[in-house]
1. Any idea which of V140, V65, V110 is touching a residue at least 24 places away in the same chain (Cβ under 8 Å), touching a His at 6+ places or on another chain (Cβ under 9 Å) and of a type outside the set (G, A, S)?
2. Scan A99, A130 and give me the residue that is in contact with a helix residue (DSSP H, G or I) (Cβ under 9 Å, 6 or more places away or on another chain) and small (G, A, S).
3. Kindly indicate which of A2, A72 is at pLDDT 95 or above, more than 18 Å from A117 (Cα to Cα) and either in a loop (DSSP other than H, G, I, E, B) or β-branched (V, I, T) (or both).
4. Looking for something under 24 Å from Q109 (Cβ atoms), charged (D, E, K, R) and not in a helix (DSSP H, G or I) - is there at least one such residue anywhere in segment 12-32?
5. Got at least one residue in segment 96-110 being in contact with a Phe, Trp or Tyr (Cβ under 9 Å, 6 or more places away or on another chain) and not in a helix (DSSP H, G or I)?
6. Quick one: in segment 43-65, which of the residues that are part of a loop (DSSP other than H, G, I, E, B) and either touching a Lys or Arg at 6+ places or on another chain (Cβ under 7 Å) or on the phi > 0 side of the Ramachandran plot (or both) is surrounded by the fewest Cβ atoms within 10 Å (Cβ to Cβ)?
7. Looking at segment 119-154 only, could you name the residues that are of a type outside the set (A, V, I, L, M), buried (at least 17 other Cβ atoms within 10 Å of the Cβ) and either part of a loop (DSSP other than H, G, I, E, B) or at positive phi (or both)?
8. Please go through (1) loosely packed, with under 15 Cβ neighbours inside 10 Å; (2) farther than 26 Å from R19 by Cα for N69 and return the number of the only condition it doesn't satisfy.
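The values are calculated or read from the model by the stated rules, or taken from the named source; none is laboratory data. Just so you know, these numbers come straight off a predicted model, no measurement behind them. We place every Cβ from the backbone using ideal geometry, glycine too, and count neighbours over all the protein chains shown.
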Amino acid sequence: MAAIACDIRLNTRLTPEQRELFQNGTEIQRLIREARTIAIVGLSTEKTKASNMVGSYLQDEGYRVIPVNPRADEILGEKSYPDLKTIPSKIDVVIVFRAPSEIAGVLDQVLELGIPALWTQLRIIDLPSAHRGLEAGVTVVMDKCFKMEHGRYSGALHMAGMNTEVVTAQRRKFRAA
């Protein structure tokens, strides 16, 4: 059977076996449904950066977003922390917008603090750390966008990956100018 152009598997570099471990739809849906407080490591102060857009979207969807950025005092109206260890409240999920080489250090903090889930954004892959997290009992999602998965499972994802805030089953008809 030929691959379909819109096949969601085309958006990942993981093997089918790795996708089963680190992109499991049941686990993704559970995290989206149960999480309330999300720490975003690498949350940018720049509104045009993906991390800021994801954080803003998650706030709009009712999640508490805690920024982790040592170069900022506040992001999206929330106090920013230099690392996970300095956050005084319980964290349900850590989303990472940092280089793959930094995942091991973030995982060390996740394990030390007993945080139940680690999520790395698109193209952020560190298989040794992901396996180490799984072995320690952490739910690990890798190479996925929390915002896109939330939109996909909540029905808010538009064809272009953005929430248009228009609820309809009909495609818009565009007229040439």
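1. Working: V65 fails: touching a His at 6+ places or on another chain (Cβ under 9 Å); V110 fails: touching a His at 6+ places or on another chain (Cβ under 9 Å).
Just a single option satisfies the conditions, and that option is V140.
2. None of the other options fit; the residue is A130.
3. A72
4. Scanning segment 12-32, I find no residue that is under 24 Å from Q109 (Cβ atoms), charged (D, E, K, R) and not in a helix (DSSP H, G or I), so the answer is no.
5. Checked against the condition, which is being in contact with a Phe, Trp or Tyr (Cβ under 9 Å, 6 or more places away or on another chain) and not in a helix (DSSP H, G or I), segment 96-110 yields at least one hit.
6. Taking the candidates together, the pick is G62.
7. Across segment 119-154, the qualifying residues are Q121, D126, D143, K144, C145.
8. (1)
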